[in-house]
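The values are calculated or read from the model by the stated rules, or taken from the named source; none is laboratory data. On a predicted model such as this, the values are computed, not experimentally measured, just so you know. Neighbour counts run over all protein chains shown; Cβ positions are idealised from the backbone, glycine included. Areas reflect the complete protein model, heavy atoms only, side chains present, ligands, DNA and RNA absent. Shrake-Rupley method; radii C 1.70, N 1.55, O 1.52, S 1.80 Å.
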Amino acid sequence: MRKILTLFISIFILTACGGNQIKKDNQKQEQKNVILVIADGTGPNLMGYLMEYARLAPNSPYKDRKSNLEKMFSMGKNGIVFNYTDSTIVTDSAAAATQFATGIKTYPEALGVNADGKKVNSVLYKAKQKGYATGVLTDVYVLDATPAAFYAHQANRKMRDGIIEDMTITQPDIVLGGGLDYFVSETDLENKKYADILARVPYIAEFKPQAEQDDNLAKVINNGYKLAFTKQEMNSLNEGKILGLFAPVYLPPYPPADWQGPTLLDMTKKAISDLSKNDKGFFLLVEAGFIDWVAHENAPQTVLRELLEFDETLAYIKKFADKSKNTLVIVTADHDTGGFGMAYYKPTKESKNDYNAFEKFNKLDSGKSFVYEVEQKYKALPKSEQNSDTIKKMFKEDFGYQENLDFLNGINDFKKAFKTYWEKQGIFWATKKHTNAPLFVVFYGDNAGIKDNVFHNTDLFKIMNNYLNK
Ligand SMILES: [Zn+2]
């Protein structure tokens, strides 16, 4: 009898536990997430640069020689994306982001408005209305075009005070990146309005107030945002809305030794961990924005560094999607920047294995300076000191180019010297601007609903919105 009773109890416990398990899984089934990853300025040639580096560099950091981007391409559904605007072949980030955020074509520089200047609502806005948690994060500034197109409506991307106002209306749960400079005006600073808050800012020496209006920071605080200026502050905030401002404008590609801010990966981890607490699920935009900035500088070594940081973040997102089963991840770019390319040359006996070039590009990243900053330093020198000797010295000290640089003799223009240097390494750029190149896209995770392979960027809105409404 006792044995039978034990058996009954055991069966009861097993069934009860099993039932709970099923209930739990069902709850998870109902949770749906969209993660949109935008590698800003990263045309197919730059995505190729990352994947070829992973495959071919003699000391590739990837043991299996596959970047996470390549792994996602090989397991996901892939396609190409056209990104022309309402009126132009080539786009800027604002029109591109408005188009994939809202599904409506618009004009360059526009944020969250259509071609007639009328407000259009984004997938983030619609997701929030439906009860999803929402977030945007970037390694440039939180008011920059890509994140702002998801929460703001302004005729021009430069209307930063208006963008902040819009942030307080749309209220994404999580906003992470740089840009404290645009939240504080000179008058705010003179009136010591935020003395207590600014005392917490570790990068205060580099901070320059640039807001045109006063009280921007007060506005976000009054709307319930808690501020984080360091990685530690960010991770300690567990409730309510978070605005992370980790740098004056952009997160440094070469962080100083005393850097206390997060990386793109740190921000992504925090956002996913917080947003996934919501029963319904979430929408998250992750922007690797600095790739575009350094592609504008035609700086291949910093581009590579930024691509690797983007790819490190993809590894985490991929893992999350593999576990969750109800997450659609879209990885693409908004436009190509620079028209990057390596040019063919006929190999000689000595140069037979030119895969070493990848190692060289890596080595040529001294980890000290961002080209734009060094160029500004050069331009600030008295005219008499602006010559090729100074340029050669700066290339050695700031970029770590240790070889003989005499081929730069006689070049006094910084940009020209930089271009000449890289062309000698076989690297060419078509322009310092954006190009027309159609883009790669990969749909990873819960991608069963994707039927096409050729898209316009407005289609991405429909795919994300349909997924969250399913
Ligand atoms: Zn750009």
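What to note about this one:
- Paramagnetic reach from K208 in region 376-412 [backbone N under 19 Å; point 7 Å along Cα→Cβ]: 376-382
- For region 230-374, the Kirkwood hydrodynamic radius from C-alpha pairs, put into Stokes-Einstein at 37 °C and a viscosity of 0.692 mPa s, yields a diffusion coefficient of 183 µm² per second.
- With 10 Å bins from 0: P(r) over the chain, alpha-carbon pairs, percent: 4, 19, 28, 25, 14, 6, 2, 1, 0, 0, 0
- Taken over region 368-424, the convex hull of the Cα atoms encloses 71 Å³ per residue.
- Extension gain for D413 to K433 (0.36 nm times residue separation, less C-alpha to C-alpha distance): 5.3 nm.
- Using the alpha-carbon positions of region 307-437, Rg (one decimal) and Dmax (whole number) come out as 19.2, 63 Å.
- Simple point charges give the picture: +1 on the Cβ of Lys and Arg, -1 on the Cβ of Asp and Glu, and for region 368-424 a dipole about the Cα centre of about 120 debye.
- Amide H within-cut-off set for G281, under 5 Å, with H built and near neighbours excluded: K32, A133
- Taking every protein chain into account, the 1.4 Å probe leaves I197 with about 30 Å² of accessible area, to the nearest ten.
- D (Stokes-Einstein, µm²/s), Kirkwood Cα radius, region 117-245, 1.567 mPa s at 4 °C: 86 µm²/s
- Distance from region 271-310 to region 183-251 (C-alpha centre basis), Å: 21 Å
- Ligands, DNA and RNA left out, the 1.4 Å accessible surface of region 368-424 is 50% carbon and sulfur atoms.
- Test item: Cα-centred dipole of the chain, Lys/Arg +1 and Asp/Glu -1 on Cβ, debye: 1920 debye
- Solvent-accessible area of R157, all protein chains in place: 50 Å² (probe radius 1.4 Å, heavy atoms, ligands and nucleic acids excluded).
- Heavy-atom surface of region 368-424, accessible at 1.4 Å and reported per residue (Å²): 56 Å²
- For K241, the residues whose modelled amide H falls within less than 5 Å of its own, excluding neighbours fewer than 5 places apart on the same chain, are K226.
- Inter-label distance, nm, simple model (7 Å from Cα along the C-beta direction), Y344/N222: 6.4 nm
- Distance in nm between pseudo-label sites at A155 and E359 (7 Å out along the Cβ direction from Cα): 5.7 nm
- Longest DSSP-loop-exposure-free segment, GluC sites (Glu not before Pro), the chain, at most 14 other Cβ within 10 Å: 1-211
- Set K130/K462; K71/K270; K241/K277; K158/K269; K126/K470; K128/K470 screened for pairs whose C-alpha atoms are more than 19 Å apart: K71/K270; K158/K269
- Taking one quarter of the surface of the C-alpha convex hull of region 91-141 gives a mean projected area of 3.9 nm².
- Whole-percent carbon and sulfur share, accessible surface of region 218-363, 1.4 Å: 51 percent
- Additional length obtainable on full extension of the chain from S74 to K379, 0.36 nm per residue less Cα span: 105.2 nm
- In the chain, a dipole from Cβ-located charges (positive for Lys and Arg, negative for Asp and Glu) runs towards its positive end, and of V37, V220, S388 it is V37 whose Cα lies farthest in that direction.
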